[in-house]
Amino acid sequence: MRSHWILLLAAALPLPSSRAAQAPDPYAVIHVAPAKTSIYIGRLLVTPSPFVRTASGYTSNLSLELFPYFYHDDAKVYIDVPEAKVMRLQGGNAIEFKGRVVRRNGQSRKLTGRAVPTGNSAGKLSILVYLTSKVTVAFNTTYTLLAPAR
């Protein structure tokens, strides 16, 4: 009879690891502030939607505006950030990352970047987008961690 009570008690208690698995990931969604940069023919404004964590990194949609020409385009950005680098970022260390921007027409551009934490939930980003092998566009902006959706 006692063995039945022990089994029932063991089944009713949660496992310690299940509580850790349910903890929200603070790096699941990242807000990146819009970034402006000057280029030869005008000023480029890039406005991303929140970056959502995937199995291999982050993904977001981008809105691109070129002033004074009122040119608009949309793109998708894919950032490769392995789990080990996310852990380094959580530990307060700067990381470097790679990725690509894919425009609506299918053109793909390589990008590289560096994330530097400035606190527990924010940091600075430096990003280079390669238009050609020798021509780049540089952006400097900030990021903030957003609470994941429940």
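Values for this structure:
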{"quantity": "Any chance residue 60 is under 12 Å from the mean Cα position of the chain (by Cα) and free of Cβ contacts under 8 Å to residues at least 40 places away in the same chain", "calculated": "yes"}
{"quantity": "Odd one out for residue 89 among (1) part of a strand (DSSP E or B); (2) under 18 Å from residue 146 (Cα atoms)", "calculated": "(1)"}
{"quantity": "Residue in the stretch 83-98 that is in contact with a Leu (Cβ under 7 Å, 6 or more places away or on another chain), in contact (Cβ under 8 Å) with a residue 24 or more places away in the chain, surrounded by 14 or more Cβ atoms within 10 Å (Cβ to Cβ) and of a type in the set (Phe, Trp, Tyr) present", "calculated": "no"}
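The numbers here are math on the coordinates, done by the rules we state, and not lab data. None of the values given here were measured: they were computed from a predicted structure. Cβ atoms come from the backbone with ideal geometry, glycine included; neighbour counts cover every protein chain shown.
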